[in-house]
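Take a look at the structure below.
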Amino acid sequence: SGDLARAFQVARQAVQQAPQDGSWRRKLAQVAEWTQRPVVAAEQWRTLFQQGDHSEATVSAVIRLALLLNDPSIALQAWAVRAQHTTLTPAQWEDIFNLYESAVEPAKGSLFFEAQFRQKKIPLLLEYAARLAEHAGDDERAGALYSQRAQLEPFSMDAVLRAVVSLIRRDHMREALALMQTHEEKVPADASEFWRLLSQVAWELRDYEAAQGAYQRFAQTPQATAADWSRLVFLVRQKHSAQAA
């Protein structure tokens, strides 16, 4: 009859008397939204989900309204259900990543994204798994995941650099150099961060041939300093004194 206020009161009283009755709780959630009571609606959808109602309507409502409850964990549970049945977009995966950060559960999130990658073979998911492992302070796991991502197409220079930094932190300099050399043919000439890091690692390891090649590229970028040019001159002088001059 259009009397939404009365409908809300009836539905709320019914839920109070029969809290396990999903049909009445669903009615209350719907009327609460119609009467501009989104927090009440969110509470009802959350309870329905927790009671085992994982229908598309309930999952969608939980995802849509969970922020009103300041409860990222329930939204993560709903996203996990949706991910089992639907192909998510990059924006939706990013939402899940941000929710794990909001819930301060990076280790759990890393495991979730790794499991999703094993199923769906989407490289982005492996990157998220690595980033969350890094945020959880698990450098070894993060490095392993970044290294796996670095082997996949499309090429990700960010993944390579993060894997290299993780290896350097753990004093695996040889592995860091080998990883960069594996991918250097794919790196643009103006990628100063990559060439700077490669030149420094090769210099520290006294791999002067690799260092020279990297410094020659890095020296052409605006980020190169006088110290970088000095090292390049030293390296070139070993075999080509005229070129060094």
What pairs can you find where one residue is in the stretch 177-193 and without any contact (Cβ under 8 Å) to a residue 12 or more places away in the chain and of a type in the set (S, T, N, Q), the other is open to solvent by less than 20 Å² (accessible area, probe 1.4 Å) and assigned to a loop (DSSP other than H, G, I, E, B), and their Cβ atoms are less than 9 Å apart, with a gap of 6+ or different chains?
none
Being within 20 Å of residue 62 (Cβ to Cβ) and assigned to a loop (DSSP other than H, G, I, E, B) is the filter here, so list the residues in the stretch 1-27 that pass it.
19, 20, 21
All conditions in (1) open to solvent by 20 Å² or more (accessible area, probe 1.4 Å); (2) without any contact (Cβ under 8 Å) to a residue 12 or more places away in the chain are true of residue 88 except (1)
Tell me, which residue of the stretch 32-56 that is over 20 Å from residue 6 (Cβ atoms) and among the β-branched types (Val, Ile, Thr) is most open to solvent (accessible area, probe 1.4 Å)?
39
Flagged in the stretch 221-245 as surrounded by 14 or more Cβ atoms within 10 Å (Cβ to Cβ) and of a type in the set (Phe, Trp, Tyr), in numbering order, are 234
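The values are calculated or read from the model by the stated rules, or taken from the named source; none is laboratory data. None of these values were measured; they are calculated from a predicted model. Glycine gets a Cβ as well: all are built from the backbone with ideal geometry, and neighbour counts include every protein chain shown. All accessible areas refer to the heavy atoms of the entire protein, side chains included, with ligands and DNA or RNA removed. Shrake-Rupley method; radii C 1.70, N 1.55, O 1.52, S 1.80 Å.
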